[in-house]
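Colleague: Structure below; questions to follow.
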Amino acid sequence: MKIAIIGAGAIGGYVGAKLALAGEDVTFLVRGANLQAIREHGMRLLAHDGSEQVARKVRATDDYGQAGPQDLVILATKAHQVADVARELPKLWGPDTAVVTMQNGIPFWYFQKTGCALEGSTVHSVDGDGELLRRLPAERIIGCVVYPASELVAPGVVRHIEGDRFPLGELDGCITERVTRISECFTRAGFKAPVLEDIRSEIWLKLWGNLTFNPISGLTHATLADICQYQLSRGLAADMMREAQAVAHKLGIAFRVPLDKRIAGAEKVGRHKTSMLQDIEAGRAPEIDALVGSVAELARLTDTPTPHIDTVYALVKLLAKNMESERGRVRMQPA
């Protein structure tokens, strides 16, 4: 399968390397140091067991026109970066090109093909004026939930920490030939990629943790274990999760995992820094609106009170604003 990976960060690099090692025809659409590193050395993958593999038979370019039409496009940027590449995406379209979206949080396509009262609504937190949907039609999109944890440790070098699940689903819940084919492709690469009839419920299950642990860790510089093992922060996370659950229930979402078990699962990951904390420490714009702001927006749409979510959202947005204005980063330093 001819596959374009948009972005070669922690997840894009991991997925692209594994697909290429399984024999797929992979092109990375990247810029800067990643572009040069992949061109010169391939994509290097460090496994959690200490082993190392290098996907050398990959292409890397920053020219979407040069990459040309693809069978599959994997959109592996962060949610707030999708708009930066949206104009270029049509250069990758063939007649049947599918796009797998790998963003955390509520996706820009959330209200497409739902059949609910909010059908066709725009989630302004992640797609301000609906431009993303105009440039990336819902007919091409396959939903995906990203469970693995990995990190980009150097240009063209990704370390896999844990996890291998990438559930997939059509927006309307149908089990189609194309989503089955993509699932089989992922499975050949060593991933678990079940096809789900309700991808939105799986999105909420992952988001349930992201919308709580990510901003709390970003504000406190605490790891997942730190948050879960300290009574006050564990209680705050639980309160935020209850509010989100109330919003989701009004949208017809059922959670297959109890709240306490979801928190326990995060605790088991251990002293892991969330992606938002990593971004704040590195001085990168944190992924706030897709993870937290979107839930606050859906709460307003469904007339659901979310005082804890709203408070944490305001605080982490202010932190991001100050980082941007000062062009700084925030790290915990030894006294």
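Readers should treat all values here as calculations from the given coordinates under stated rules, not as data from a laboratory. These numbers were taken from a predicted model, which means no experiment stands behind them. Every residue, glycine among them, receives a Cβ derived from its backbone with ideal geometry; neighbour counts consider all protein chains shown.
Colleague: Bin width 10 Å, alpha-carbon pairs only: give the P(r) of the stretch 284-332 as whole percents, running from 0 to the bin holding the largest distance.
Modeller: Percent of Cα pairs in each bin: 25, 47, 22, 7.
Colleague: Going highest first, how would you order 132-145, 45-58 by mean Cβ packing within 10 Å?
Modeller: Output ranking for 132-145, 45-58: 132-145, 45-58.
Colleague: So if I restrict to the alpha-carbon atoms in the stretch 2-197, what is the Rg, and what is Dmax, the biggest pairwise distance, in Å?
Modeller: 16.0, 51
Colleague: Over 20 Å intervals from 0, what percent of Cα-Cα pairs in the chain sits in each interval?
Modeller: So the P(r) values, bin by bin, are 32, 61, 7.
Colleague: Right, next: Obtain the nm distance between the two label points defined at Y230 and D84 by a simple spin-label model: each point lies 7 Å from its Cα along the Cα-to-C-beta direction.
Modeller: 3.1
Colleague: Which of the GluC sites (Glu not before Pro) across the stretch 185-257 are loop residues per DSSP, with 16 or fewer other Cβ within 10 Å?
Modeller: Taking the stretch 185-257 and a limit of 16 other Cβ atoms within 10 Å, the loop GluC sites (Glu not before Pro) found are E197.
Colleague: Looking at the chain, send over the antiparallel percent of its DSSP beta bridges, to the nearest 5.
Modeller: For the chain, the DSSP antiparallel bridge percentage is about 30.
Colleague: With each pseudo-label sitting 7 Å past Cα toward Cβ, what's the T311-A254 distance in nm, one decimal?
Modeller: Label-label distance for T311 and A254, simple model: 3.3 nm.
Colleague: On to the next question. Counting helices only, and only those DSSP H runs with n ≥ 4, report the 222 nm mean residue ellipticity of the chain as the sum of -39,500 (n - 2.57) divided by its residues, in deg cm²/dmol to the nearest 500.
Modeller: Values: 13 runs with 143 residues, N = 335.
The per-residue figure over the chain is -13000 deg cm²/dmol.
Colleague: Below 20 Å, Cα to Cα, which lysines can K321 reach? Residues fewer than 8 away in the same chain don't count.
Modeller: Here the lysines satisfying the reach criterion relative to K321 are K78.
Colleague: In the Gaussian network model of the chain, springs joining C-alpha atoms below 10 Å, which of L291, L277, L89 carries the largest mean-square fluctuation?
Modeller: Its mean-square fluctuation being the largest, the pick is L89.
Colleague: Something else about it: Just for the stretch 2-197, what percent of DSSP beta bridges are antiparallel, to the closest 5?
Modeller: 30
Colleague: Okay, next question. When the Kirkwood hydrodynamic radius is evaluated over all pairs of different C-alpha atoms of the stretch 200-324, what value in angstrom, to one decimal, is obtained?
Modeller: Numbers: mean 1/r = 0.0693 Å⁻¹.
Roughly 14.4 Å, rounded to one decimal.
Colleague: Something else about it: Using a 10 Å cut-off on Cβ atoms, rank the peptides 5-12, 170-177 from the highest mean neighbour count down.
Modeller: The densest-packed peptide leads the list: 5-12, 170-177.
Colleague: Further, regarding this structure: Can you pull the semi-axes for the stretch 57-164, root of five times each eigenvalue of the Cα gyration tensor, sorted largest first, whole Å?
Modeller: Numbers: eigenvalues 122, 73, 34 Å².
Ellipsoid half-lengths, sorted descending, are 25, 19, 13 Å.
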